[in-house]
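The values are calculated or read from the model by the stated rules, or taken from the named source; none is laboratory data. This structure is a prediction, so every number in the text was calculated from the model and none was measured. When we count neighbours, we look across all protein chains shown, and the Cβ atoms used for this are built from the backbone with ideal geometry, even at glycine.
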Amino acid sequence: MRIGYGLMTAAAALLLTACAGSNNEAPHDDTALSGAHAQHPYAHNFPRPPELEPQIGFWRNVYAVWSRGQVAFHDDRYMGLIYEVVSLPGPIEEGYTSDQRDFVRARGAMWKARLDDLQQKVSFHQPLSPSDQQLATRIAQVGGPGAIYGASERLRVQRGLRERFKRGLEISGRYDMLFREIFRQSGLPEDFAYLPHVESSFQVHARSSAGAAGVWQFTRGAARSYMTNHPALDERLDPVLAAHGAARYLGDAYDRLGSWPLAVTSYNHGIGGMGKAQAEFGDDFARIVQYYDGPNFGFASRNFYAEFLAARDIASQPQLYFPEGVRFETPLNWDRVVLRQDAFPSELALYYRVSKGQLLAMNQAWTSAAQGEQVSLPAGTQIWLPPGTLARAGKFNPNRVALTNPTAEPREIVEIVECTGDGC
């Protein structure tokens with residue numbers, strides 16, 4: 001049932017694992033779906049250690065059960081230990097309102113005080129109330145007999161992301177086939193097409209506090225190693241170009257680490273960082289998650305692989321989690337060419353007889369310097385064009401507008417990579 005914030009008491013709200021508000025909400029019984037997930041075609045590439053199932057189940061709840069209007073108070077180490085899931089007061093927006101922030105802070109303070117008090121009683125063998133005993137028993141069942149110690153320090157709050165994940169699923173319809181083809185051609189599991197659900201929910205303009213950008217959330221440093229470096233281009237902002245970069249990175253990570261769980265986690269923690277974890281624990285990924293305490297290997301790194309598996313579970317079987325239906329966007333059908341020589345956007349607009357504004361809107365990787373024509377686009381740049389442009393223009397049309405001199409013979413500057421518009 002959905003929990004009203006004004007009706008809750010600490011005892012009554014104890015240890016909820018999920019909320020279901022209506023008949024349209026997704027199932028959240030992980031055991032009921034475990035067989036389907038185990039039969040996934042890439043299961044052998046992405047093993048699921050039993051120790052990770054509580055984490056995977058937690059993130060399935062975050063992505064497909066708990067709404068933006070709900071927050072879960074949970075243990076950040078023992079992810080099956082969820083103290084309560086509550087509904088936020090007031091209107092639901094992208095961020096917290098001031099009242100919601102105060103509400104979450106107050107609930108967190110209440111749980112912290114309660115866990116501190118329980119630890120104190122257990123430490124000094126003081127009598128426990130029935131609700132204290134119930135809480136202590138549950139903590140021990142999930143985390144072991146010593147888990148009560150430090151439980152208040154491990155308290156964390158997580159907001160639901162069901163609406164955001166569903167919107168990401170809809171957007172993914174534009175890119176899924178292209179992404180899968182990119183990974184197949186690179187010799188990698190095509191299920192990496194699901195990774196943007198974890199990184200950005202397929203938000204093209206997503207940016208992180210660490211400076212990562214785009215659907216695939218590359219930092220500038222990583223982009224220098226796996227993408228084109230040129231003042232006219234920031235390929236992080238083009239989902240398809242960045243997917244090629246992600247394929248290069250993941251292939252490199254696997255070559256160096258020899259383990260897909262480690263390679264996936266390195267997408268968050270770095271290849272070098274996961275190499276250190278591997279040196280200490282080998283390929284036993286469950287032990288790495290449980291025991292590795294290397295620099296910056298915190299909550300996000302410990303959970304990244306579990307988040308990926310949860311996102312894959314949901315995105316590969318959306319009807320199980322979104323029975324109300326998902327309206328996937330139409331697959332991308334733009335024309336695509338590659339420059340054989342340097343050119344400015346205005347030259348391309350003349351050459352293909354499309355507006356410069358259209359080109360700028362479609363080619364998100366062009367930097368402000370390229371858009372303002374302070375620097376030309378280099379040879380080898382992939383260019384997106386409106387669907388049907390190539391079919392209408394004809395590759396060798398003698399009436400094509402010349403690029404620089406209206407009286408000169410038109411020069412061929414492009415090589416067709418793929419023509420996907422109508423009439424191709």
### Message
Anything in region 286-321 that is basic (Lys, Arg) and within 13 Å of the chain's Cα centre (by Cα)? List them, or say none.
### Response
Arg312
### Query
So which pairs qualify, if the first residue must be in region 51-75 and free of Cβ contacts under 8 Å to residues at least 24 places away in the same chain, the second must be buried (at least 22 other Cβ atoms within 10 Å of the Cβ) and not in a strand (DSSP E or B), the Cβ gap must be under 9 Å, and the two must be at least 6 apart or on different chains?
Glu53/Ala306
## Note on the structure
Residues of region 138-152 being within 10 Å of Tyr78 (Cα to Cα) and exposed (fewer than 14 other Cβ atoms within 10 Å of the Cβ), in sequence order, are Gly144
### Task
Name the one entry in Ala243, Ala147, Ala247 that is in contact (Cβ under 8 Å) with a residue 60 or more places away in the chain and not in a helix (DSSP H, G or I).
Ala147
### Task
Scan region 318-329 for residues that are part of a loop (DSSP other than H, G, I, E, B) and over 17 Å from Phe202 (Cα atoms) and jot them down.
Phe322, Pro323, Glu324, Gly325
### Query
Is there a residue being part of a helix (DSSP H, G or I) and in contact with a Gly (Cβ under 7 Å, 6 or more places away or on another chain) anywhere in region 275-289?
yes
### Message
When the residues of region 85-107 are narrowed to those that are buried (at least 17 other Cβ atoms within 10 Å of the Cβ) and of a type outside the set (Val, Ile, Thr), which ends up nearest to the chain's Cα centre (by Cα)?
### Response
Tyr96
### Task
Could you list, in sequence order, all residues of region 292-317 that are outside any loop (DSSP other than H, G, I, E, B), surrounded by 15 or more Cβ atoms within 10 Å (Cβ to Cβ) and hydrophobic (A, V, I, L, M, F, W, C)?
Phe304, Ala306, Phe308, Leu309, Ala310, Ala311, Ile314, Ala315
### Message
Against the condition in a helix (DSSP H, G or I) and either surrounded by fewer than 18 Cβ atoms within 10 Å (Cβ to Cβ) or assigned by TED's automatic domain parsing to the domain that holds Asp234 (or both), how does Ala379 come out, does it pass?
### Response
no
### Message
Going residue by residue through region 287-296, is there one that turns out to be out of contact with any Lys or Arg (no Cβ under 6 Å at 6 or more places or on another chain) and of a type in the set (Gly, Ala, Ser)?
### Response
no
### Task
Mind listing whichever residues of region 153-199 are among the polar types (S, T, N, Q) and surrounded by fewer than 18 Cβ atoms within 10 Å (Cβ to Cβ)?
Gln185, Ser186
### Which numbered condition Val215 fails, given (1) assigned to a loop (DSSP other than H, G, I, E, B); (2) surrounded by fewer than 23 Cβ atoms within 10 Å (Cβ to Cβ); (3) among the aliphatic types (A, V, I, L, M)
(2)
#### Entry: Exclusive hit being surrounded by 14 or more Cβ atoms within 10 Å (Cβ to Cβ), more than 23 Å from Ser172 (Cα to Cα) and touching a residue at least 40 places away in the same chain (Cβ under 8 Å), set Val326, Val289, Val354
Val289
